[in-house]
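Structure first, commentary second.
The values are calculated or read from the model by the stated rules, or taken from the named source; none is laboratory data. Keep in mind that this is a model prediction, so the values were computed, not measured. With ideal geometry, Cβ positions are generated from the backbone for all residues, glycine too; neighbour counts draw on all protein chains shown.
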Amino acid sequence: MDDSRDRDRVLVGVDGSNSSIEALRYAARIAAALGSPLSVATAWTFHPLVSPYLSDSWSPERDAEMVLDTAIESAFADVPPPLNRAVLIGPAALTLIEESAYSAMLVLGSRGHGGFAGLLLGSVSAACAEHGHCPVLIVHPRRQQEGTRGGPDES
């Protein structure tokens, strides 16, 4: 992102996971309700064991752009709301924490593509919740169990 970042924006981090796509949909509703700009970001970095010179045809930045485009398309089909897109270089948690300093809210899915499936909160969302410079909203997937309307306290 650049120095003209809108501090009233709702920033959502996406990695292409179902959880991040649901977070994107939720962030769009929040941004619309608040009359705030919506910014959608994904971060990329070279894996420490992979040489950036390994292949002339492979570009992790291009892959990140495709992840971002696919997430937006999955969330909104052919009619996305007005939004700003950003593909940022750097580790996801650190990059989103930095960007949160220029945001009114950061929205993330509870689980991304990495880590252990049994964990309730992913490492990126946990780090951002702990160290973010603005309110951080973690979107958990809705339970689709028959006979339940909401969380565990509702009958």
Output the qualifying pairs, or none if there are none: Cβ atoms under 8 angstrom, residues six or more apart or on different chains, first residue in segment 76-105 and among the hydroxyl-bearing types (Ser, Thr, Tyr), second residue in a helix (DSSP H, G or I) and buried (at least 19 other Cβ atoms within 10 Å of the Cβ).
Ser100/Cys128
Go through segment 54-155 and tell me which strands (runs of 3 or more DSSP E), entirely inside it, have 3 or more residues that are at pLDDT 75 or above and under 16 Å from Trp44 (Cα atoms).
84-89
